[in-house]
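Contents: one structure, followed by commentary.
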Amino acid sequence: MGKQAMGVIALNQNLRNDSLLYTIQYPQYPIVQTKPMKMFNWIPAGQNPTVAVMSYSAYDLEDATILNKSSIQFGYARCFVYKNAKIDLKTYPNRSCRDTLYYPKHNEMAKSQNRYATLDADGIASPESLVHSGQILVNKQSPDVMNNKNLLEQQQTKYYDNGLVYRSENSSVIDKVTISNNDDELIIKVSYRQMRPPIVGDKFSSRHGQKGVIGAIFNKSILPFTSSGISPDTIMNPHGFPSRMTVGKLKEMTASKAASLKGTIHDATVFNGTSMEDCFEIMHQHNHLFSGKELLCSGITGELLPNEVYIGPIYYQRLKHMVMDKVHSRSIGPTISLTRQPTEGRSRNGGLRVGEMERDCLIGHGTSNSLLERFMFSTDVYEVEICHNCNFLVASRFCMLCNSSDNVTKVRIPYAFKLLVQELFAMGIHPAMGFRLTKKL
């Protein structure tokens, strides 16, 4: 999961202009590491939370984890997402006019004050200002080269607004503005950032591939605690161990706990480094069970839990897959002009596809009305007139082949099916469509 983890990517990351950059706010290097890993301690990509391996509520099923709300408030797994947008200021062929930056006049500000709220006096968004959807980042004006006949002459040129608009639904903070030039063009890059604490649905992973999303975030008051008052930052379901056989994770937890008690970094290099016997000895010296287990008290009742719980620090990575970037829903929205069906994808505000396998499930449950709704009424229902004598699509309730309007029936079909029938007609194939009329015409 190293390639998907957030962390420090370079020591000069604050000076870079990456189009997309994920960084974690308080990175730590692992308590248990191998010799090759030590080379990467200057660019860490995770943290060392205290993890309890136990079933706690039903929100930790299927690899989901439970997080401590207090840990999040103290900054655990908090990340920054950096993005940037750029715009060019061009010089036009006659060399007398070019794109300009413009600070709106007082009367324009009064009309749409919120739209220009982030702008400085130079017409560019001010660093460290909060920007919302629809606000202007760079207020550029361009000459009207298409409709202005006086462009090639030395006369007054008309300009129109052609600025850089912030489109994201989530608010951001302007991080920095960079201005550079390329021949006759000025390039303005506006970098902005979002601070994102972990929320339900965000993805985490240990270094052993035990990945999972956050199932719930609980208050510290209802989480179990040890005899020394430590509550776990993360609770992991033990059912993730038997089938995966990630024994290394259990060993890492024991070694991390021993290293924390001793105040050192343990070497986990294969065939070398700290042995498990050394870890057991350290645990024994500090009056802990050598297995790493402890007795916990219930945060809800205050009673001692009947079984010992495996608890200790372990290196966890926050992955770049976040709910905020993936959540999507829609009721009505844009459609494709060819098929009249909803567009595809979150970026195009597309529909949620019910595919062949979902269709099979609906058929298996016998939900015929749901099938009809999903595959016709909710997508591309179309009313068409068909002659049920010769099976041709007709217009204006008159069949040219039969020279009659007696056998014409209005039916509702998916528009995609109507398109298919017309394409088959064009190939010289005449599809037969059967009708069962419920009432006499």
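The values are calculated or read from the model by the stated rules, or taken from the named source; none is laboratory data. All figures in this text were calculated on a predicted structure; none of them were measured in a lab. Quick reminder, even Gly has a Cβ in these numbers, built from the backbone with ideal geometry, and neighbours come from all protein chains shown.
Taking the condition of being over 25 Å from PRO238 (Cα atoms) and of a type in the set (D, E, K, R), how many residues in region 250-276 meet it?
2
Mind telling me which of the residues ALA77, ALA110 ends up being small (Gly, Ala, Ser) and at pLDDT 90 or above? Write out each step before concluding.
Numbers: ALA110 fails: at pLDDT 90 or above.
The conditions single out ALA77.
Within region 40-59, one or more residues are more than 22 Å from the chain's Cα centre (by Cα), of a type in the set (Phe, Trp, Tyr), surrounded by 15 or more Cβ atoms within 10 Å (Cβ to Cβ) and within 30 Å of THR269 (Cα to Cα).
Would you confirm, using the coordinates I've provided, whether ILE282 is modelled with pLDDT of 90 or more, hydrophobic (A, V, I, L, M, F, W, C), out of contact with any strand residue (DSSP E or B) (no Cβ under 8 Å at 6 or more places or on another chain) and surrounded by 13 or more Cβ atoms within 10 Å (Cβ to Cβ)? When the stated conditions are applied, ILE282 passes them. Across region 263-279, the qualifying residues are those that are outside any loop (DSSP other than H, G, I, E, B) and without any contact (Cβ under 8 Å) to a residue 40 or more places away in the chain, and the one among them that is surrounded by the fewest Cβ atoms within 10 Å (Cβ to Cβ) is GLU277. Within region 2-32, the set of residues being closer than 17 Å to ASP325 by Cβ and surrounded by 13 or more Cβ atoms within 10 Å (Cβ to Cβ) comprises GLN4, ALA5, MET6, ASP18, LEU21, TYR22, THR23, ILE24. Scanning region 215-238 for residues that are of a type outside the set (A, V, I, L, M, F, W, C), in contact (Cβ under 8 Å) with a residue 24 or more places away in the chain, within 13 Å of ILE311 (Cα to Cα) and out of contact with any Pro (no Cβ under 6 Å at 6 or more places or on another chain) returns PRO224, THR226, SER227, SER231, PRO232, ASN237, PRO238.
If the condition is being more than 22 Å from GLY2 (Cβ to Cβ) and outside any loop (DSSP other than H, G, I, E, B), then region 324-344 contributes MET324, THR335, PRO342.
Let's see how each residue does on (1) at pLDDT 85 or above; (2) in contact with a strand residue (DSSP E or B) (Cβ under 6 Å, 6 or more places away or on another chain):
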residue: ARG98; (1), (2): no, yes
residue: THR118; (1), (2): yes, yes
residue: HIS132; (1), (2): yes, no
residue: VAL138; (1), (2): yes, yes
residue: MET146; (1), (2): no, no
residue: LYS149; (1), (2): no, no
residue: GLN156; (1), (2): no, no
residue: ILE174; (1), (2): yes, yes
